[in-house]
Amino acid sequence: MSDVDAYRPFVPRRGRAMAFTAAALSVVVFGIVAFVLVPGGGATGWTTTDKWSLFFLGCAIGWMLSRWGLVKAVPNERGLKVRNLILTREIEWAEILGVQFGGGRAWATLDLADTEQLAVMAIQRADGPSAEAEASRLAALVEVARQRAAAAAGAHD
């Protein structure tokens with residue numbers, strides 16, 4: 001495996017497609033309900049403000065769903081940049097002790113040197129065998145970085 005191939009980004013497949021589809025549907029459905037199906041005016045009708053509020057609610061739901069579709073992890077020579085739903089975190093390879101992706105976990109998890117764990121939502125169980133391969137690729141990157149660090153430390157001694 002070449003370095004270019006090894007350092008390609010980790011992105012979910014099924015989760016990404018479903019998130020973007022659901023986000024688009026949310027905006028469309030809320031727009032139809034707000035501006036076509038809900039009656040306007042009169043004592044029981046909705047005002048223009050009500051309709052726009054409902055539409056913007058659909059847009060907000062669509063935005064949150066699109067965040068799910070944007071999760072990814074981007075490796076490079078120095079470490080891994082993990083973008084999850086809300087936060088993005090950059091981690092150096094030396095900080096990563098191991099990769100877990102078994103026992104029914106929904107996504108891969110990194111064991112960090114500071115005793116914390118970090119979810120890598122870009123590697124999702126829903127992707128089946130390809131997710132297993134991606135978790136193995138991430139574990140291999142961590143191991144290669146560990147070997148490089150050990151070799152560099154040995155060269156300085």
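The values are calculated or read from the model by the stated rules, or taken from the named source; none is laboratory data. Quick caveat: nothing in here was measured; it's all calculated off a predicted structure. Backbone-built Cβ (ideal geometry, glycine too); neighbour counts: all protein chains shown.
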Hey, does region 48-57 have a residue that's within 25 Å of the chain's Cα centre (by Cα) and not assigned by TED's automatic domain parsing to the domain that holds GLN147? yes
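Looking at region 114-121, is at least one residue farther than 23 Å from ASP5 by Cα, under 14 Å from the mean Cα position of the chain (by Cα) and outside the structural domain of ALA23 (by TED's automatic domain parsing)? Let's see the steps before the verdict.
Narrowing region 114-121 to residues farther than 23 Å from ASP5 by Cα: 114-118.
After this cut, where a residue has to be under 14 Å from the mean Cα position of the chain (by Cα) as well, the list is 118.
Within this subset, residues satisfying the condition of being outside the structural domain of ALA23 (by TED's automatic domain parsing) are 118.
The answer is yes; a qualifying residue exists.
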Mind checking which pairs have a first residue in region 125-145 that is farther than 21 Å from GLY79 by Cβ and charged (D, E, K, R) and a second that is modelled with pLDDT under 95 and part of a helix (DSSP H, G or I), Cβ under 7 Å, 6 or more apart or different chains? ARG125/ALA131; ASP127/ARG14
Any idea how many residues of region 58-67 are crowded, with 19+ Cβ neighbours inside 10 Å and at pLDDT below 95? 1
Could you say whether any residue in region 132-151 is at pLDDT below 95 and either closer than 23 Å to LEU25 by Cβ or part of a loop (DSSP other than H, G, I, E, B) (or both)? no
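Residue check: is LEU70 modelled with pLDDT under 95, out of contact with any helix residue (DSSP H, G or I) (no Cβ under 6 Å at 6 or more places or on another chain) and under 25 Å from TYR7 (Cβ atoms)? Talk me through it step by step, then tell me what you get.
Values: modelled with pLDDT under 95: yes; out of contact with any helix residue (DSSP H, G or I) (no Cβ under 6 Å at 6 or more places or on another chain): yes; under 25 Å from TYR7 (Cβ atoms): yes.
Answer is yes for this residue.
Which one of GLU77, GLU95, GLU143, GLU134 is over 22 Å from ALA22 (Cβ atoms) and exposed (fewer than 13 other Cβ atoms within 10 Å of the Cβ)? I'd like the intermediate steps shown before the answer.
On the way: GLU95 fails: exposed (fewer than 13 other Cβ atoms within 10 Å of the Cβ); GLU143 fails: exposed (fewer than 13 other Cβ atoms within 10 Å of the Cβ); GLU134 fails: exposed (fewer than 13 other Cβ atoms within 10 Å of the Cβ).
Within the list GLU77, GLU95, GLU143, GLU134, the selection yields GLU77.
What are the residues in region 101-131 that are of a type in the set (Ser, Thr, Tyr) and either in contact with a Gly (Cβ under 8 Å, 6 or more places away or on another chain) or surrounded by fewer than 13 Cβ atoms within 10 Å (Cβ to Cβ) (or both), if any?
Correct list: THR115 only.
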